[in-house]
Amino acid sequence: ILAIVLILTTVLGVFVIQKFSLLGDGTNNGEYDDVIYEDGEFEDIEIDIGSAGFKQALIDWATKGNDKKMSSKNVINVLLIGADSRNGTNSGNTDVMMLLSLNKKTKKITIASFLRDSYLYVKGDNHDYCTKLNAAFSMGGPECLIQTIENNYKIKIDNYVMVNFKTFEKIIDELKEEKGV
């Protein structure tokens, strides 16, 4: 898994750096349309963390206040997905979920990793569950995983890149060819 993360990060980093120069400087004559919400913006969502209300608290958090997702016109958020699927379907869980944020204004890249065992609310194709984050992919593919992360972490995701076992094999083969191995 660590090798997948390292190779995925390296390949995507090279690709992103090549494309980063095409993004522009992010200036807008001193005016920015950033939408950043302070913690106070979420005060209207009350959470009961007692054992009887824990699942309901997760559902309430994920379903309320979804119009208040963090976003910025100067930041592009790309979800990096490492899927445990070998046959090209969305049948497996996700081993890696990382958010790559490209800031056009500061020209900086930030990467954050989501814990695969985070317990939260997932609204799948046919079921609604409180379960681990890595199960969201198998419940509805990348779209369900993105929706789950957006709703539970209150952050807007602009795009995604997914690597499964077949894609990972192709990346390794391409790296071998480039190095002449």
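The values are calculated or read from the model by the stated rules, or taken from the named source; none is laboratory data. This one's a predicted model, so the numbers in the text were calculated from it and none came from an experiment. Because the Cβ atoms are built from the backbone with ideal geometry, glycine has one as well, and the counts that use them run over all protein chains shown.
N164 - would you say it is surrounded by 19 or more Cβ atoms within 10 Å (Cβ to Cβ) and either in contact with a His (Cβ under 7 Å, 6 or more places away or on another chain) or of a type outside the set (S, T, Y) (or both)?
On the way: surrounded by 19 or more Cβ atoms within 10 Å (Cβ to Cβ): yes; either in contact with a His (Cβ under 7 Å, 6 or more places away or on another chain) or of a type outside the set (S, T, Y) (or both): yes.
Considered against the rule, which asks whether it is surrounded by 19 or more Cβ atoms within 10 Å (Cβ to Cβ) and either in contact with a His (Cβ under 7 Å, 6 or more places away or on another chain) or of a type outside the set (S, T, Y) (or both), N164 comes out as yes.
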Name the one entry in N134, N159, N151, N103 that is surrounded by 20 or more Cβ atoms within 10 Å (Cβ to Cβ) and either on the phi > 0 side of the Ramachandran plot or modelled with pLDDT of 90 or more (or both). N151
Mind checking which strands (runs of 3 or more DSSP E) fall wholly inside region 53-166 and carry at least 2 residues that are under 17 Å from L8 (Cα atoms)? 75-83, 94-103, 108-113, 159-163
Residue in region 39-58 that is aliphatic (A, V, I, L, M) and modelled with pLDDT of 65 or more present: yes
Within region 66-76, identify whether any single residue is out of contact with any Gly (no Cβ under 7 Å at 6 or more places or on another chain), modelled with pLDDT of 85 or more and under 27 Å from K170 (Cβ atoms), and answer yes or no. yes
